[in-house]
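**Q** Before anything else, here's the structure in question.
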Amino acid sequence: MFDQLSGRMSKVFEGLSRGGKLSESDVSEAMREVRLAMLEADVALPVVRSFVKNVKERAVGGEVLDDVSPGQAVAKIVNDALIEALGGAGVVPLNLSAPAPIPFLMVGLQGAGKTTTSGKLALRLAGRDRKKVLLASLDVQRPAAQLQLQQLAEQVGQQTEGRVTSLAIVDGQQPVEIARRAMETGRREGYDVVVLDTAGRLAIDEALMDEVRQVRDATSPAETLLVVDAMTGQDAVNTAQAFKDQIGITGVVMSRMDGDARGGAALSMKAVTGAPIKFTGSGEKVSALEEFHPERVAGRILGLGDVAGLVEKASEQLDQEEGERVAKKMLAGKFDLNDYVSQINQINRLGSISGILGMLPGMGKLKDKLEGKNLDSKIFDRHKVIISSMTEQERRTPGIIKASRKKRIAAGSGTSVPEVNRLLKQFDEMSTMMKRISKMGLSGMMRGMGGAGGLGDMFKGMGGPGGPNPFG
């Protein structure tokens, strides 16, 4: 989401000259570019002005240590200012200290993703916090809205040992009646949290606001969470301001953060509305809801990565036992195509390859260079289709796959023989590398980092310096 802004920021800091002190002209030139970068990213103009003024005041005349360039010094100041603009370091937690059942009110415009976010939030509360959650749809405007939430509740309930359920649908009831019935059911049946999913409109109108106010007054929610679509840019900020003024909100959930939005809404939200971003959603999977860490987002904007976020995602999404099983086979030199498919499935759980690269420090330039090199998971999905057309014997011993078998596999998978050849070649190179690792051991790999037979030679086989390009 922040790729364009991140690229512009990196160029700004690289352009600063070296020296013992930051001159006003250095800072002014850098801030001119930062200002343009932020405006291009659709950050609100008042936020841009305040941000640039803040950074200039901190940077001008600042001493630069001998081992730190002016670019690095300004990057640190900009990083701190970005964290402040995004809401300050650390997540803003949900209020779970109110008496049970705790009412959470979900509000927003139609199409922003309220219902899906309600399901995601229920999964998080039931899975991480071990809460018993009741989902209640107050949307009587859309015929399928209540059924959609019911289906989400069933899906999440299966993943949480039944800790998430939905309120029974009663035809003809109005939103306030449904909300009161939900709270009474929550009290009677021992629920910890009741999530109230309100109706939306295509635009803000008095009927919408009046309905939400009535529900709010009837339930006294501990959290009123506004769901906004990050793809709508500054319209998301304007929507948040309107709901804050007329209803009062305790936090914002930004959906579709995996889209190609320029990031201005996230950078403007806290400064303009005063409401913190509590969660971000990326994708339709019910597990795709993440806490909003301003310091991690700032790090990604400046190309510093988000290693903590990557580790957290890996610990949640990856199958540790399966990973250990495959790792043992790799080190024993017995890696086959079944194991390769297992690793593809693990990678897919983490998201796209480009997304993973974006979370690693200093990978911005590499990500740009690899743009269009078929790095994303589509290539892996194609490999899975090809492998699924193989027999079990072929998967275990790929060496037996000759011309006639390749034709059959290509026809069965809807691909071509050259694609099958490329997969087998890449797998062969990977297997060769694994056997070398097994023979050398970890100490041999480290000792031979740049020498013959060491890690340097292995990289040549993988497309490193002096070797073929594995991407095309």
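The values are calculated or read from the model by the stated rules, or taken from the named source; none is laboratory data. The model shown is predicted, which means the values in this text are computed figures rather than measured ones. Calculation scope for accessible area: heavy atoms of the full protein, side chains included, ligands and nucleic acids excluded. Shrake-Rupley method; radii C 1.70, N 1.55, O 1.52, S 1.80 Å.
**Q** Quick one: ranking 380, 243 by accessible area, 1.4 Å probe, largest first, what do you get?
**A** Result of the area sort, largest leading: 380, 243.
**Q** Mind ranking 405, 256, 187 by accessible surface for me, highest first, 1.4 Å probe?
**A** Sorted descending by solvent-accessible area, the residues read 187, 256, 405.
**Q** Right, another one. Give a residue-ordered list of calculated ³J(HN,Hα) values for segment 119-127 (Karplus: 6.51 cos²θ - 1.76 cosθ + 1.60, θ = phi - 60°; whole Hz; x for Gly, Pro).
**A** x, 5, 5, 4, 4, 5, 5, 6, x
**Q** Taking 0.36 nm per residue of sequence separation and subtracting the Cα-Cα distance, how much length would be gained by fully extending the chain between residue 381 and residue 45, in nm to one decimal?
**A** Difference between extended and current length: 116.7 nm.
**Q** Between residue 425 and residue 284, 0.36 nm times their residue separation minus their Cα-Cα distance comes to what? Kindly include the intermediate steps, with their values, before the conclusion.
**A** Values: separation 141, 0.36 × 141 = 50.76 nm, distance 3.47 nm.
Answer, rounded to one decimal: 47.3 nm.
**Q** Something else: Could you give the distance between the Cα centres of segment 140-162 and segment 169-193, to the whole Å?
**A** Measuring centre to centre over Cα atoms gives 15 Å.
**Q** Still on this model: If each residue of separation counts as 0.36 nm, what is the full-extension length gain between residue 98 and residue 408 once their alpha-carbon separation is subtracted?
**A** 105.3 nm
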